[in-house]
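This report refers to the structure that appears directly beneath it.
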Amino acid sequence: MANEALLSVDKLNAWYERSHVLQGVSFEVRAGEVVSLIGRNGAGKTTALKSIMGLLDRTTGSVRFDGTELLPQPAHARYHRGLAFVFEERRIVPGLSVLENIELGLMATAGGLARMHEVVDGIAETFPRLKERLHQEAVTLSGGEQQMLAIARAMAAAPKMVMLDEPSEGIMPRLVEEMFEYFEGLKNKGVTILLVEQSVEQALKISDRAYIMDQGRIVHEGPARALLDDVEMQERYCSV
Ligand SMILES: Nc1ncnc2c1ncn2[C@@H]1O[C@H](COP(=O)(O)OP(=O)(O)OP(=O)(O)O)[C@@H](O)[C@H]1O
Ligand SMILES: [Mg+2]
């Protein structure tokens, strides 16, 4: 595993209107790592991901990604630098088929459509239930399948790092198992992942390291394995 930071967040502050939500958040994700950002409801996890992606009006501090300062850049420029974000609310495009949703992910990248066959084959292999439904309207998929599609679409662009916000939320347990197996596969391929997940135990099991957020600050960091054994810490910061 490479040791240099792919993403380096330093003293990040973020506001909604006058509400100062992120208060000097610093953390890093090294190339090839899976890192979990955990914390109870309202801790600021989604706000952190949105700030990194460039979706908030007011942020200060520093977000360096792959050697470049991102904060002055708009979201689409960050996306083109290889940063992908799968939202809590999945953003499947209505009126488009499963295949067209995937194409949309590819279109956004240079030379992406040339990789169409390869990408669709890969997705079909990983998500057999999407393969059977390639020509179906994406909105007819179940919640879990739509989430798989959102993730597949993000990965189709071959990002350098993907940020996932509560991917297992509202999804039946069997699909959650499949999803985590898929993440494990991505990890084994060296994909860098920043993961926010309420299923803390499952998240920690596939993570290298974790940061705990509370009230807009990072309050703890450590190897995921150590946190997995630290019931007291989990109860203190992760229960809702
Ligand atoms: N659009 C918004 N406008 C104003 N305040 C917001 C907005 N979105 C979030 N907040 C506030 O910012 C704080 C952090 O919210 P955030 O959504 O980042 O938390 P979270 O850790 O993702 O929580 P959850 O686990 O519930 O998803 C909370 O106090 C929340 O009420
Ligand atoms: Mg959230």
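No lab work stands behind these numbers, since they all come straight from the coordinates. Nothing here was measured: the structure is a model prediction, and the numbers come from that model. As a convention, Cβ positions derive from the backbone with ideal geometry for all residues, glycine included, and neighbour counts pool all protein chains shown.
Numbers for the structure displayed
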{"item": "For the stretch 170-213: rounded, prolate or oblate by the Cα gyration tensor [a/c cutoff 1.5]", "result": "oblate"}
{"item": "Spin-label zone in the stretch 17-52 - amide nitrogen under 16 Å from a point set 7 Å from the Cα of Ala108 along the C-beta vector", "result": "49-52"}
{"item": "Value of [θ]222 nm, deg cm²/dmol, for the chain, DSSP H segments ≥ 4, -39500 (n - 2.57) each, nearest 500", "result": "-10500 deg cm²/dmol"}
{"item": "Three-way shape call for the stretch 93-189 based on the alpha-carbon gyration tensor, with the a/c threshold at 1.5", "result": "oblate"}
{"item": "Val219 long-range amide H proximity, modeled H, under 5 Å", "result": "Ile212, Met213, Asp214"}
{"item": "23 Å Cα-Cα reach of Lys205 towards lysines, excluding residues that sit fewer than 8 places from it in its own chain", "result": "Lys45, Lys160, Lys187, Lys189"}
{"item": "Per-residue HN-Hα couplings for the stretch 131-143 [Karplus 6.51, -1.76, 1.60; θ = phi - 60°; Hz; x = Gly/Pro]", "result": "4, 5, 10, 4, 9, 7, 5, 4, 5, 7, 6, 5, x"}
{"item": "The chain, relative contact order in percent, only Cα pairs under 8 angstrom and at least six apart counted", "result": "27 percent"}
{"item": "Helix 173-188 axis, angle to the chain major axis (alpha carbon atoms, nearest 10°)", "result": "80 degrees"}
{"item": "Cα shape, the chain, gyration tensor, a/c 1.5 rule", "result": "prolate"}
{"item": "Separation of alpha-carbon centers, the stretch 188-240 and the stretch 85-119, rounded to whole Å", "result": "29 Å"}
